[in-house]
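Trainee: Below is a structure I'd like to ask you about.
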Amino acid sequence: MRRSLGSLTLVVRDYDEAIAYYTGALGFVLLEDLDQGGGKRWVRVSPSPGNETALLLAQAVGDEQQAAIGRQTGGRVGFFLHTDDFARDHAAMSARGVRFMEAPRHEPYGTVAVFEDLYGNRWDLLELKR
């Protein structure tokens, strides 16, 4: 049996703002941006074109969803961006204004640093040891 995660929903303030951040600052690719009518869109971004898992960017509607923006994991790291070259991606992301919360550190499992996205969601940039 083979299974995988296709998409994970990330509640955002605005579609275009989120697309600009994830494709610009983080260097993701825009996989889909389909108008579904009524102001709703199907927007998927991914770290690379061939990646099986993507983020589904969902524009918040209503107070409850607005309150979840940037707090979807209660302040914990909730997203893990794996890389094959930590130094390259850390430097590129830093140059594009990504806010790292700490200096890179070496752990038994790899090199890692926590950063916050546009909304305050915490991510690990992570190069796993091979």
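The values are calculated or read from the model by the stated rules, or taken from the named source; none is laboratory data. Please read these numbers as outputs of a predicted model, since none were measured by experiment. When we count neighbours, we look across all protein chains shown, and the Cβ atoms used for this are built from the backbone with ideal geometry, even at glycine. Heavy atoms of the whole protein, side chains included, go into the accessibility calculation; ligands, DNA and RNA do not. Shrake-Rupley method; radii C 1.70, N 1.55, O 1.52, S 1.80 Å.
Trainee: Return the total of residues in region 1-13 being touching a strand residue (DSSP E or B) at 6+ places or on another chain (Cβ under 8 Å) and either farther than 22 Å from Arg99 by Cβ or open to solvent by 60 Å² or more (accessible area, probe 1.4 Å) (or both).
Mentor: Quick first cut of region 1-13, residues touching a strand residue (DSSP E or B) at 6+ places or on another chain (Cβ under 8 Å) only: 6-13.
Next, only the ones that are either farther than 22 Å from Arg99 by Cβ or open to solvent by 60 Å² or more (accessible area, probe 1.4 Å) (or both) stay: 6-9, 13.
Matching residues across region 1-13 total 5.
Trainee: Being within 18 Å of Thr9 (Cα to Cα) and aromatic (Phe, Trp, Tyr) is the filter; apply it to region 45-92 and report the residue that is surrounded by the fewest Cβ atoms within 10 Å (Cβ to Cβ).
Mentor: The extreme case among them is Phe80.
Trainee: Give me a count of the residues in region 31-50 that are within 21 Å of Ser94 (Cα to Cα) and either among the hydrophobic types (A, V, I, L, M, F, W, C) or without any contact (Cβ under 8 Å) to a residue 12 or more places away in the chain (or both).
Mentor: Of region 31-50, the ones within 21 Å of Ser94 (Cα to Cα) are 45-48.
After this cut, where a residue has to be either among the hydrophobic types (A, V, I, L, M, F, W, C) or without any contact (Cβ under 8 Å) to a residue 12 or more places away in the chain (or both) as well, the list is 45.
Of the residues in that region, 1 qualify.
Trainee: Under 8 Å between Cβ atoms, which residue pairs at least 6 apart in sequence (or on different chains) link something in region 1-19 that is modelled with pLDDT of 95 or more with a partner that is open to solvent by less than 70 Å² (accessible area, probe 1.4 Å) and of a type in the set (Asp, Glu)?
Mentor: Between residues of region 1-19 that are modelled with pLDDT of 95 or more and residues that are open to solvent by less than 70 Å² (accessible area, probe 1.4 Å) and of a type in the set (Asp, Glu), the close pairs are Tyr15/Asp33; Ile19/Asp33.
Trainee: In region 84-102, how many are assigned to a helix (DSSP H, G or I) and hydrophobic (A, V, I, L, M, F, W, C)?
Mentor: Residues that pass the stated criteria total 6.
Trainee: What is the residue count in region 14-44 for residues that are crowded, with 17+ Cβ neighbours inside 10 Å and β-branched (Val, Ile, Thr)?
Mentor: Of the residues in region 14-44, 2 are crowded, with 17+ Cβ neighbours inside 10 Å and β-branched (Val, Ile, Thr).
Trainee: So in region 103-130, with the set limited to residues that are closer than 20 Å to Asp84 by Cα and either part of a loop (DSSP other than H, G, I, E, B) or of a type in the set (S, T, N, Q) (or both), which one is most open to solvent (accessible area, probe 1.4 Å)?
Mentor: Within region 103-130, the match that is most open to solvent (accessible area, probe 1.4 Å) is Arg130.
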